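Beneath this line is the structure, given in C-alpha cells, with notes to follow.
Each value in this text was obtained by applying a stated rule to the coordinates, not by laboratory testing. Bear in mind the structure is a predicted one, so any value in this text is a computation, not a measurement. FYI the Cβ positions are ideal-geometry reconstructions off the backbone, even for glycines, and counts take in every protein chain you see.
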Amino acid sequence: MLVLIADDDELILKTVEYKLLKEGYQVIATRNGKEAIDVIKTTDVDLIVSDIMMPFASGTEILSAVKSSGKNIPIIMLSSLDQEEVVLDAFDLGASDFMIKPFSPSELMIRVKKHSMK
C-alpha cells in the first residue's frame, strides 16, 4: 500500500514516514502541497496524510485536486488549527478523517490502518 504524506513540518513528516515504513507501508513524502498534487497526478496512491496549512498549495487544495481527478483516495487531514470551521470545511471537501496537531503517531497509525482496509 502506497501512502502519500504532505507536511511542511520536517519533524512531523519524518516521524509519520518512519512510523508508516515500520508498519510495512510504502511512502512518498512531500514537503508542500504543490509537490503532493504533482505526485497525485502521476502516481496511484492508496491513502493521503496531509497537513492543511502548507506553502504553494494547501491541504484543501490537495482535497480539491483529488476530487476533481475522480480518484477515490482516503485522505486524513492534519491541522494545528483547532477551529470547527476548518474541520467542517475539510469534511465538506471530502476528507476521510481529521486529526489536530499535536497528535499521537500511534493513533494516526490506527486511523491509517482503518482507512486502508476500505
Q | Inter-probe distance in nm under a simple model that places probes 7 Å from Cα toward Cβ, at Q26 and S116 | A | 1.3 nm
Q: Using Cα centres only, tell me the gap between the range 1-63 and the range 69-117 in whole Å.
A: 12 Å
Q. Using 0.36 nm per residue, how much length does the chain from M99 to K67 gain when fully extended, once their Cα-Cα distance is taken away?
A. 9.5 nm
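Give the relative contact order (percent, whole number) for the chain; include only Cα pairs under 8 Å separated by 6+ residues. Intermediate results must be reported in sequence, preceding the final value.
On the way: 190 pairs, mean separation 28.3, N = 118.
Once normalised by length, the contact order is 24 percent.
Using 0.36 nm times the number of residues separating M1 and D44, minus their current alpha carbon distance, what extension gain do you get?
Working: separation 43, 0.36 × 43 = 15.48 nm, distance 1.01 nm.
Length gained, M1 through D44: 14.5 nm.
May I ask you to sort L108, L81, L4 by Cβ crowding, counting other Cβ atoms within 10 Å and putting the fewest first? Can you show the working numbers first?
On the way: L108 20, L81 12, L4 24.
By the 10 Å Cβ count, ascending, the order reads L81, L108, L4.
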Q. With the calculation restricted to Cα positions, what are the radius of gyration and Dmax of the chain in angstrom?
A. 12.6, 35
Q. Magnitude of the Cβ-charge dipole of the chain, K/R +1 and D/E -1, about the Cα centre, nearest 20 debye?
A. 500 debye
